[in-house]
1. Please report the equivalent ellipsoid semi-axes of the stretch 109-277, computed as sqrt(5 x eigenvalue) of the Cα gyration tensor, largest first, in whole Å.
2. When the dipole is taken about the Cα centre of the stretch 109-277, and only Lys, Arg (+1) and Asp, Glu (-1) are charged at their Cβ, what size is it in debye, to the nearest 20?
3. Just the accessible area per residue of the stretch 23-142, please: how many Å² with a 1.4 Å probe?
4. Largest first, what is the accessible-area ranking of Glu265, Glu60, Glu220, Glu106 with a 1.4 Å probe?
5. According to the Kirkwood expression over distinct Cα-Cα pairs, how big is the hydrodynamic radius of the stretch 3-97, in Å?
6. Can you give me the Kirkwood hydrodynamic radius for the stretch 45-165, using every pair of distinct Cα atoms, in Å to one decimal?
7. If I histogram all Cα-Cα distances within the stretch 12-55 using bins 10 Å wide from 0, what percent of pairs lands in each bin?
8. Expressed as a whole percentage, what fraction of the accessible surface of the stretch 50-115 belongs to carbon and sulfur atoms when a 1.4 Å probe is rolled over the protein heavy atoms?
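The values are calculated or read from the model by the stated rules, or taken from the named source; none is laboratory data. Just so it is clear, the structure is predicted and the values come from calculations on it, not from any experiment. Backbone-built Cβ (ideal geometry, glycine too); neighbour counts: all protein chains shown. For the accessible areas, the whole protein counts, side chains as well, though only heavy atoms, and no ligand, DNA or RNA atoms are used. Shrake-Rupley method; radii C 1.70, N 1.55, O 1.52, S 1.80 Å.
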Amino acid sequence: MQASEVPRAVAAAVSTASSLGLTADDAVVLHDSNRLTLRLLPCEVLARVAPVAHRAARFEVELARRLAESGCPVAALDPRVEPRVHEHDGFTVTLWTYYGPLARGEASPADYADALGRLHAGMRELDVPVPHFTDRVEQARGLVADRDRTPALADADRELLGDTLGGLRRVIGERGGAEQPLHGEPHPGNVLTTENGLLFVDLETCCRGPVEFDLAHAPEEAGEHYPGLDQGLLRACRILVLAMVTTWRWDRGDQFPNGRRMGTEWLRRIRAALDRDGLDVRG
């Protein structure tokens, strides 16, 4: 979120919570990306705030509500208020249960795979219209092709990313694996370790595709515990996801900390992975 918008977004969250009878005297910024994630105190609510134009909040709230009702491992909306999207001063505000950090370490790969498998099982039961994962691939390809938005990307690296995105999109499609609704980005940053086990957050990235696409975001060891995976497809999806996140780092508007340095390192990893797996992604 633009720095100039943050104070208004915080005020929108505090005002919304207060109007619903929650005591919100302070707000702590937990995460700032395309939307702001806040911890409201002392009511202990997690608020997500985005510009009204973002448009994903209603979908996320409805999906989270339905998944939670079916017992899926997802973060819950705050039970003290109506589960809906609130609008205030040009922002959408959604209110969620706040889960405090636990002292114990990271989740085991087996637990990660089990939680993701249970989420996938629940998502298979839902009839929800979601974009195909290839839509996001095409967004990344468009960014690579736009020299005005990626002016620092060298020609050889631009060619590598364009070929990798297009070639692996084709390779994955040709394998013809089963597809279903997915989380879309179940990386460790979107997983909470709670007293109730692992819970997934940020469902706005939900898309349709093979489960291997989701596993490509998870720790590599989790793929060893998820049953029935096509390991060749998983390797292709891992490189594809790496190419996508690398592309975002070269967007001139990217605000990811150390993003350009990481983008350079990830370009090296893409080349190494393509060579290791013998994948020819040239058109």
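1. On the way: eigenvalues 147, 61, 50 Å².
Each semi-axis is √(5λ); the values are 27, 17, 16 Å.
2. 600 debye
3. Heavy-atom accessible area per residue stands at 50 Å².
4. My answer, sorted largest first, is Glu106, Glu220, Glu265, Glu60.
5. Numbers: mean 1/r = 0.0755 Å⁻¹.
For the stretch 3-97, inverting the mean 1/r across all distinct Cα pairs yields 13.2 Å.
6. Values: mean 1/r = 0.0559 Å⁻¹.
Hydrodynamic radius (Kirkwood, Cα only) of the stretch 45-165 equals 17.9 Å.
7. Computed distribution, short to long bins: 31, 52, 17.
8. On the stretch 50-115, the fraction of accessible area on carbon and sulfur atoms equals 49 percent.
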